[in-house]
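Shown next, in structure tokens, is the structure this report addresses.
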Amino acid sequence: MKPETPRPVHLKDYRPPAYLIDKVDLDVSLHATRTRVRSRLQVRPNPQAGGRHGPLRLDGEHLELGEIGLDGRPLTKKDYKLTDTALTLSKTPAGPFTLDIETFVDPQANKALQGLYRTNNVYCTQCEAQGFRRITYFLDRPDVLATYTVRVEADPNETPVLLANGNLVERGMLQGGKRHYAVWRDPFPKPCYLFALVGGDLAPITSTFRTMSGRNVDLAIYVEHGKEERAAWAMDSLKRSMRWDEQRFGREYDLDVFNIVAVSDFNMGAMENKGLNVFNDRLILASPESATDATFEAIESVVAHEYFHNWTGNRITCRDWFQLCLKEGLTVFRDQEFSGDERSATVQRIIDVRQLRTHQFTEDAGPLAHPVRPESYIEINNFYTATVYEKGAEVVRMIQTVLGAEDFRKGMDLYFERHDGQAATIEEFVACFEDASGTDLGQFKLWYSQAGTPELVVALRYDKDKKTALLEVEQVLPVTPGQSQKKPMHIPVRLGLLGANGHDLALKLENGAELADGVLSVTKRRQSFRFVDVPSRPVPSLLRGFSAPVNVTLDLPDDDVELLMANDADLFNRWQAANGYAARTLIEMVGKSAGGRKAGRPQRYARALGAAVASEELEPAYRAELLKLPTQADVARLIGKNVDPALIHRAHRQLSKLIGRTLGPLLEDLYVTMAGKGDFSPDAQSAGRRALRNAALTLLSARGTPEDTARLAKHYFKATNMTERAHALLLLAARGGPEAAHALADFHERWKGDHVVIDTWFAAQAQSPLAGTLGKVKALMRHPLFALTAPNKVRALIGTFAMANPLQFNRPDGAGYAFLAEQVLALDRMNPQIAARMLGALRSWRALEAGRRAQARKALQRIARTKQLSSDVQEIVSRMLEA
Ligand code: PHE
Ligand code: ZN
């Protein structure tokens, strides 16, 4: 907690550092409550800083300063100024010099989980974004790149494993075996946010990887003793990622070792520290009995993501934190491409777009909207957002769409060649694509600076005499906080025109203008495109593959939607047609205030859905995606204002029930035929069959007959893997009754000894739409396995309740919001980063109907009134109330 009022940092104020640090020698003597850190820095004035050579201000927080020396001479208190956030030397030599600094930290007391902390008896560090300053005084900014040599010392019994970045150079015993040490050296210059150190009693699983140039790399994943077998999938994922980056981007790994450590308390998913990735253990550990297919998939993609950072993030890093999307958006794009190649590209795209819409579009539509590259921040931790990550990835994907795959790859090659070893900017990144392809991306760059989700309002007019089709497009750019005026953007729209038989018609623009790859470039506020030689009235298939992160408004009759659902050559858009149809149906049902009793669109939609899902030439994973309705949050976002979550919940239930009834025989058939035979395998095909079976079960259970409930209970108790068991648990917990109680008790009994798997049990209860859920959640906070200091527990219980239980969180009496406010305040005293994240659950509060809106405002104001808020929570709450 920083006592002074936090001040915003602005991109336009960027200045190169006055000093550089070329080399760092760290000597860390681990102790649970008093770890000693000795740091020797090779410092010099920065020639790029325009001859400025003023005081040297080093960042530092929560540190106890010991001795300090300059070029071997001890400094005294009058040689420096010390505050809560900095150590400043007013006089420094004109040339290079050596600075020795000793600090002491308390890892045990560190509940913010930034800097050096201790979890489950393991020492570990987290330095991104600004955690290194909690370890020692330093120029804690990403444009200061140094090589590091790190000596770690500890008690060998308690802490036998000692790891840091780079390659191991030496290890040995001290004091007759009372202490031991290891020395690690990382030859690649890096910013301090990529520094890492781990000490603990952990067990490795090991393997080797032969790189494309024939070097052998030793791989190891460190986990709790006894959990080694559960790291096999992560290891497999790592090797496939390493191969993929060689084949797809020509990128080879560069050190002799690559280590991963799984820890139980971690603020985020994982961290890409050079040669020493640190992971939240829920994203490493998996076995068929303990992990769902979704977890296997997440492990594969996060392992890949962190590995891919070695080039996009580490070898080329960010000049400043405003450029965060330079590494995150690009690396998400790369991990999405990897998952698409390893699995089904179409299904992957559907999953990614669903995620983007649910999280990023929602963020973009509310008070926390910000550009992919923000222009100011108070607390950088608050900008690890869906916008920076997921929309950032979409922007990279659009560059690929605009340039074509070949020129895109050339641009990437140029980027790696030109900026290796540097701290780069978005301008430099984009310039590589312009230079490699000769394309002007000037207008395109607005994607980095303009927030909000553009809307494309489209109309298609067919002239049957002239055989022409006129596509009229208007881009509507919504107002977002701090941005009321917006310029028209460059939006790549991939499209097709379907004839009456459902086949694609040839796309010919008037004047013979070309349509490369089926992609139209929309660049003006209003624009029209005339297609010629169109033999019959076409049905447009717009934004194929989701070629841009925008909303499309086009009023198509149901017949046309059904034509797309059944025939679109672009499978993504077939799914989109089905999903949009479902959304439109749900919105209509909400509007009628739960009418929908008279046969109409819901029945029509259900029948069309049945026809699409029945086609066996489509892969099971894809059919499962068809069966999943838009989430309640999606419907709320589409409604946009005066949202009543209870009405949406009711419509959702009714439509699920109606589909369950209408498609009963088909769903029962799928439930039987998709059952697994033989041994469990986590591969995409097998997972797809399980997904389809679970999706069928969801809709069958929505009917709520005694047979359905019996099937559900059986699904739980007869399950041979966690994918089946966890899904049944969730559905049972949503229903309640003796079957739910029985299954929950069973699950608790099976997994109470496993801190990762038990989170499924917390989450299933927190997500239940039953009236008693808030009381249950409060009671579960007193369960011995729950701890407010453990981010995974907080996310499983409080996070699930606030973000995945729209009905109960949005209770009309405001008790859900009051509960959240109370927890945010409690969390803020320990872990501000997690507190601010939880508060994000209220980001759509202004879209609620008046009663709930007033309750939400009260909860927010209560937080805002509290003294001693962290800068994290302070920033979020004020942005939420301001906008
Ligand atoms: N850089 C990490 C990633 O994307 C995320 C992270 C941010 C982890 C901040 C910890 C702290 O993979
Ligand atoms: Zn990342």
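Side notes on the structure shown:
- Between 0 and 90°, nearest 10: helix 232-249 axis offset from the chain longest Cα axis: 80 degrees
- Between amide H atoms placed 1.01 Å from N, distances below 5 Å from residue 20 occur with 44, 46, all of them 5 or more places distant or on a separate chain.
- The charge dipole of the chain, taken about the Cα centre with unit charges on the Cβ atoms of Lys, Arg (+1) and Asp, Glu (-1), comes to about 2680 debye, rounded to the nearest 20.
- Here the sum of -39500 (n - 2.57) over DSSP H runs of 4 or more residues, divided by the residues of the chain, equals -12000 deg cm²/dmol at 222 nm, to the nearest 500.
- Accessible surface of the range 132-179, 1.4 Å probe: 47 percent of it comes from carbon and sulfur atoms.
- Measuring against 30 Å, Cα to Cα, the residue pairs 274/410; 12/190; 327/778; 714/776; 12/77; 274/628 contain 327/778; 12/77; 274/628 as the ones spanning a longer distance.
- Percent accessible area from carbon and sulfur atoms, the range 225-360, protein chains only, probe 1.4 Å: 47 percent
- For the chain, taking the reciprocal of the average inverse distance between every pair of different Cα atoms yields a Kirkwood hydrodynamic radius of 29.0 Å.
- The range 4-149 - charge dipole about Cα centre, Lys and Arg +1 at Cβ, Asp and Glu -1, debye rounded to 20: 260 debye
- Under the criterion of Cα pairs below 8 Å and six or more residues apart, the relative contact order for the chain equals 9 percent.
- Remark: relative contact order (the range 775-883) = 24 percent; criterion is Cα-Cα distance under 8 angstrom and separation of 6 or more residues.
- Heavy atoms of the protein chains alone define the surface here; on that basis the chain has 39 Å² accessible area per residue at 1.4 Å probe size.
- Shape of the range 211-279, Cα gyration tensor, a/c cut at 1.5: prolate
- Karplus-derived HN-Hα couplings along the range 635-644 (A = 6.51, B = -1.76, C = 1.60, θ = phi - 60°), whole Hz, x at Gly and Pro: 5, 4, 5, 5, 5, x, 9, 6, 6, 10
- Charge dipole of the chain about the Cα centre (unit charges at C-beta), most positive-ward option of 548, 247, 833: 833
- With θ taken as phi - 60° and the Karplus curve 6.51 cos²θ - 1.76 cosθ + 1.60 applied, the whole-hertz 3J(HN,Hα) list for the range 139-154 is 7, 7, 8, x, 8, 10, 10, 9, 8, 10, 10, 10, 9, 10, 10, 7 Hz, x standing for glycine and proline.
- Shape call, the range 247-400: gyration tensor on alpha carbons, a/c limit 1.5: rounded
- Simple Cβ-charge dipole of the range 623-773, Lys/Arg +1 and Asp/Glu -1, about Cα centre, in debye nearest 20: 360 debye
- For the range 82-183, alpha-carbon Rg and Dmax in angstrom: 15.9, 47
- Seen from residue 285, the other residues with C-beta closer than 11 Å to its C-beta sum to a net charge of -2, counting Lys and Arg as +1 and Asp and Glu as -1.
- Taking only protein heavy atoms and a 1.4 Å probe, the accessible area of the range 525-632 is 49% carbon and sulfur.
- Helix axis angle, 293-308 relative to the chain longest principal axis, alpha carbon, degrees: 50 degrees
- Among the GluC sites (Glu not before Pro) in the range 500-562, those placed in a DSSP loop whose Cβ has at most 13 other Cβ atoms within 10 Å are 514.
- Angle between the chain longest axis and helix 871-882 axis [Cα atoms, degrees, rounded to 10]: 40 degrees
- Proximal lysines relative to residue 867, as straight alpha-carbon distance under 23 Å, when same-chain residues fewer than 8 apart are discounted: 2, 111, 858
- A dipole drawn for the range 535-633 from +1 and -1 charges on Cβ atoms has a positive end, and of 590, 563, 621 the residue lying farthest that way is 590.
- Relative contact order computed over the range 306-378 (Cα-Cα under 8 Å; 6+ residues apart), in percent: 29 percent
The values are calculated or read from the model by the stated rules, or taken from the named source; none is laboratory data. Note that this is a predicted model, so its numbers are computed, not measured. Positions of Cβ are generated from backbone atoms using ideal geometry, with glycine treated the same way; all protein chains shown enter the neighbour counts. Side chains are part of the model used for accessible areas, which takes the heavy atoms of the whole protein and leaves out ligands, DNA and RNA. Shrake-Rupley method; radii C 1.70, N 1.55, O 1.52, S 1.80 Å.
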